[in-house]
Amino acid sequence: MTLKRMDHVGIVVEDLPAAIEFFVALGMELVGQAPVGGEWADKLTALEGLRADIAMLRTPDGHGQVELSTIHHPKAVSPAPWEPVSTPGIPRLTFVIDNVDDAFARLRPHGAELVGEVAQYEDILRYAYVRGPAGVIVGLVEELG
């Protein structure tokens, strides 16, 4: 077996249109949306009667993708995790961007909140974590120099 590539990261969100707006504001391109359900989806997810809507978004370089999904049935039994960065298993996506301050300003109207502060590591990079849709932590990295 040979690993070919990482295809995408999936995130379940409550408000699909708002989550799409968040990632489009970050600079991703909406590739498409579709309803999901049926026997194949039930088998894949081990959820009986799965009904969902998904959206695929792509990074400008065409290599990274994020799948956003809203599950209509069956309903979740607990809310999304809203834990500190140090909690094992908490999703964290990181993107390289041109300017951390500009990116945060664009994301703030879409619900983004800084987790800590924008931190600079020597003269190499500026880095910030923000909370995105469903509490997912999004890393914003600005390469310096």
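Taken together, the values in this text are just the output of simple stated rules run on the coordinates, not laboratory data. Small disclaimer: the values here were computed from a predicted structure and weren't measured. Here Cβ is always computed from backbone atoms with ideal geometry, including for glycine, and neighbour counts include all displayed protein chains.
Overview of results
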{"quantity": "Cα→Cβ-extended label distance, 7 Å offset, between Leu3 and His63, nm", "calculated": "1.4 nm"}
{"quantity": "In the range 84-145, GluC sites (Glu not before Pro) in a DSSP loop with at most 12 other beta-carbon atoms within 10 Å", "calculated": "Glu117, Glu122"}
{"quantity": "Read-out log10 I(q)/I(0) by the Debye sum over Cα atoms at q = 0.18, 0.22 Å⁻¹, derived from the coordinates shown; its label in (i) -1.05, -1.62; (ii) -1.01, -1.34; (iii) -1.13, -1.46", "calculated": "(iii)"}
{"quantity": "Degrees, to the nearest 10: 16-26 long Cα axis against longest axis of the chain", "calculated": "30 degrees"}
{"quantity": "Extension gain (nm, one decimal) between Thr87 and Asn99, 0.36 nm per residue minus Cα-Cα", "calculated": "1.6 nm"}
{"quantity": "Burial ranking of peptide ranges 63-72, 42-51 (average Cβ count within 10 Å, highest at the top)", "calculated": "63-72, 42-51"}
{"quantity": "Among Phe95, Phe23, Phe104: highest mean-square fluctuation, GNM of the chain, C-alpha pairs under 10 Å", "calculated": "Phe95"}
{"quantity": "Cβ crowding within 10 Å averaged over residues, with 32-39, 125-132 ranked highest first", "calculated": "125-132, 32-39"}
{"quantity": "Helix-derived mean residue ellipticity, 222 nm - over the chain, DSSP H n ≥ 4, -39500 (n - 2.57), to 500", "calculated": "-5000 deg cm²/dmol"}
{"quantity": "Extension gain (nm, one decimal) between Arg131 and Val118, 0.36 nm per residue minus Cα-Cα", "calculated": "3.4 nm"}
{"quantity": "Unit charges on C-beta of K, R, D, E only; dipole of the chain, Debye", "calculated": "400 debye"}
